[in-house]
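The values are calculated or read from the model by the stated rules, or taken from the named source; none is laboratory data. None of these values were measured; they are calculated from a predicted model. For neighbour counting, all protein chains shown are included, and Cβ atoms are generated from backbone atoms with ideal geometry for every residue, glycine included.
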Amino acid sequence: MALFRPKMKLDIFTDLDMKALREQGFDTILLDVDNTIAVPNTGSCDERAAEFINKLKEHGFKVIIFSNNSERRVKMFIGDYDFDYVYLAMKPLPFAYRKAARKAGSVPERTIVLGDQLITDILGANLSGCYGIYTKQLQEKDSRMTAFNRRFEKLIWRYLLHEKM
Ligand SMILES: [Mg+2]
């Protein structure tokens, strides 16, 4: 179960303490899209998400949008913004995480992964040596596949909380 354990838990992405994480030596962040910084499947990069990403950059983070969704979906989210992105990331397979860290000129040890799913975002972070930070889903309604994953997540959380986070 330890592989599913996030290093940190947030209520919402904007709670991320960028300054503290920079001081800890992190320089790159891989950002999940659906239900992490945007409404699943339809949400575009709204003002709050854009401000968050720009603030990350101001703090000196390399930011990569990191999604299992299609290129079309990721581009829909990004719109006119000039963000680096990886689509069809195949999370939780660790290969894409390492490749994304390298693309940012970094290494997994200095790379944060922010996402709302233990069995994709966080599991892959742990498998690849990145620092996985869990954030609560923005919206209850998920795709059917994600809804299926959620049921497992509930079970995993029960174990993790039992072992004390
Ligand atoms: Mg997600």
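So the values come out like this:
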read-out: Qualifying positions in the range 96-123 - within 12 Å of the ligand (Cβ to nearest atom) and of a type outside the set (S, T, N, Q); value: 113, 114, 115, 116, 118, 119, 121, 122
read-out: Selection from the range 64-85 of residues that are over 17 Å from residue 116 (Cα atoms) and among the β-branched types (Val, Ile, Thr); value: 78
read-out: Count - residues of the range 1-20 that are crowded, with 17+ Cβ neighbours inside 10 Å and either modelled with pLDDT under 95 or more than 19 Å from residue 66 (Cα to Cα) (or both); value: 1
read-out: Count - residues of the range 76-94 that are out of contact with any Phe, Trp or Tyr (no Cβ under 8 Å at 6 or more places or on another chain) and either of a type in the set (Asp, Glu) or within 25 Å of residue 147 (Cα to Cα) (or both); value: 11
read-out: All positions within the range 125-138 that are away from the ligand (no atom under 12 Å from the Cβ) and either part of a helix (DSSP H, G or I) or of a type in the set (A, V, I, L, M) (or both); value: 125, 126, 127, 128, 133
read-out: Pair list, Cβ < 7 Å and 6+ apart or interchain, from the range 125-146 residues that are modelled with pLDDT of 95 or more to residues that are more than 10 Å from the ligand (Cβ to nearest atom) and hydroxyl-bearing (Ser, Thr, Tyr); value: 125/97; 125/131; 128/97; 130/97; 130/111; 131/111
read-out: Qualifying residues in the range 22-33 (those that are in contact with a Phe, Trp or Tyr (Cβ under 9 Å, 6 or more places away or on another chain) and over 11 Å from residue 133 (Cα atoms)) - the one surrounded by the most Cβ atoms within 10 Å (Cβ to Cβ); value: 33
read-out: Odd one out for residue 79, checked against (1) buried (at least 20 other Cβ atoms within 10 Å of the Cβ); (2) within 25 Å of residue 51 (Cα to Cα); value: (1)
